[in-house]
Amino acid sequence: MSYTVLIPARLSSSRLPGKPLADIGGLPMVVRVAQRAALAGAARCVVAGDDESIVAACAQHGIEAILTRKDHASGSDRLAEACEQLGLSGDDVVVNVQGDEPLIDPQLIDAVAQLLLARPEASMGTAAHPIETLADYRNPNVVKVVCDASGLASYFSRAPIPFSRDHADEAWWKTVTASNGHAGFTPLRHIGIYSYKAGFLRDFPRLSAAPTEAMEQLEQLRALWHGHRIAVHITPDAPGAGVDTPEDLERVRALFAG
């Protein structure tokens, strides 16, 4: 399956200014991300930056990059412009890899791309992994997803879903038995990687925002609100953590230094 990886990169960040260009082992972070993504099976890997400095840094290290507008409200808007600039056809598959994921697993990228081939009824693909701890289950910064029997997303939330009424104060998925109906079922943490057809991605910014999207601050809820289906790849392992804060950056730098 041929597909294109697009990596949106925005220079401004409230918690980590200049994040795409942050040095990790002698290379800008966005270059590290692109190098990892290039290990997947994509036909092309392109950074969509909002500043000339990002494009220049990528060019210096042999990474294809394009300059997009600074005023995009979301990464999806930036990717929609990138699809236009690259002349992608409506049926071309695009995988959105976040620009702050220098530890992204190339096999995960391939798996999310393949979802659209395996699940033609889905407009989008994404990924999730089982939640291990009660703290993560309750953490509003950990986005949860509930899937239906066929592996399509029913809902995404920052709230602890699904909520076990009778086991609210415990990690119910670790302690319940077959007799109460929860055996073999576990809450899932959403992983922020997406696949789309380029045609859908270009249309997505024109969809009206969903009330659920505004409340949860989760853009993928717009797709569900308008009746689009999202296929979910379940991976057993948590991906390498992204870089959101200076502390995250130091942790990842230590990994590359080791």
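The values are calculated or read from the model by the stated rules, or taken from the named source; none is laboratory data. Values in this document were obtained by computation on a predicted structure and should not be read as measured data. As a convention, Cβ positions derive from the backbone with ideal geometry for all residues, glycine included, and neighbour counts pool all protein chains shown. SASA here: full protein model, heavy atoms, side chains in, ligands and nucleic acids out. Shrake-Rupley method; radii C 1.70, N 1.55, O 1.52, S 1.80 Å.
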Note on Ala135: of the conditions (1) without any contact (Cβ under 8 Å) to a residue 12 or more places away in the chain; (2) farther than 23 Å from Asp237 by Cβ; (3) open to solvent by 50 Å² or more (accessible area, probe 1.4 Å); (4) not aromatic (Phe, Trp, Tyr), unmet is (2)
The condition of being out of contact with any helix residue (DSSP H, G or I) (no Cβ under 9 Å at 6 or more places or on another chain), of a type in the set (Lys, Arg) and closer than 24 Å to Ile191 by Cβ holds, among Arg119, Arg44, Arg36, only for Arg119
Checked region 152-166 for anything loosely packed, with under 15 Cβ neighbours inside 10 Å and part of a loop (DSSP other than H, G, I, E, B); matches are Ala159, Phe163
Of the residues in region 20-41 that are open to solvent by 30 Å² or more (accessible area, probe 1.4 Å) and within 19 Å of the chain's Cα centre (by Cα), the one that is nearest to Val112 (Cα to Cα) is Gly41
When region 97-109 is checked residue by residue, the ones that are surrounded by fewer than 24 Cβ atoms within 10 Å (Cβ to Cβ) and not in a loop (DSSP other than H, G, I, E, B) are Pro106, Gln107, Leu108
| message | Kindly evaluate Asn96 against the criterion of being at pLDDT 95 or above and under 14 Å from Gly192 (Cβ atoms). | response | yes
Out of (1) open to solvent by less than 60 Å² (accessible area, probe 1.4 Å); (2) under 26 Å from Pro20 (Cα atoms), the one Gly199 does not meet is (2)
* Using the structure shown, decide if Pro211 is more than 16 Å from Cys147 (Cα to Cα) and surrounded by 12 or more Cβ atoms within 10 Å (Cβ to Cβ). => no
Selection over region 138-151 where residues are open to solvent by 10 Å² or more (accessible area, probe 1.4 Å) and within 27 Å of Leu201 (Cβ to Cβ) yields a count of 7
For Val46, state whether it is in contact with a Lys or Arg (Cβ under 9 Å, 6 or more places away or on another chain) and open to solvent by less than 70 Å² (accessible area, probe 1.4 Å).
no
The condition from (1) under 21 Å from Gly227 (Cβ atoms); (2) more than 15 Å from the chain's Cα centre (by Cα); (3) open to solvent by less than 50 Å² (accessible area, probe 1.4 Å) that Thr126 misses is numbered (2)
Flagged pairs (Cβ under 6 angstrom, 6 or more apart or on separate chains; first in region 166-187, at pLDDT 65 or above; second of a type in the set (Val, Ile, Thr) and assigned to a loop (DSSP other than H, G, I, E, B)) are Trp173/Thr186; Pro187/Ile131
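Give region 202-258 a look and list any residue that's among the small types (Gly, Ala, Ser) and either within 14 Å of the chain's Cα centre (by Cα) or within 17 Å of Val142 (Cβ to Cβ) (or both), or say none.
Result: Ala231, Ala238, Gly240, Ala241, Gly242.
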Every listed condition ((1) crowded, with 21+ Cβ neighbours inside 10 Å; (2) touching a helix residue (DSSP H, G or I) at 6+ places or on another chain (Cβ under 7 Å)) holds for Ile66 save (1)
Just one listed residue, out of Ala238, Ala231, is touching a residue at least 12 places away in the same chain (Cβ under 8 Å), of a type in the set (A, V, I, L, M) and surrounded by fewer than 19 Cβ atoms within 10 Å (Cβ to Cβ), and it is Ala238
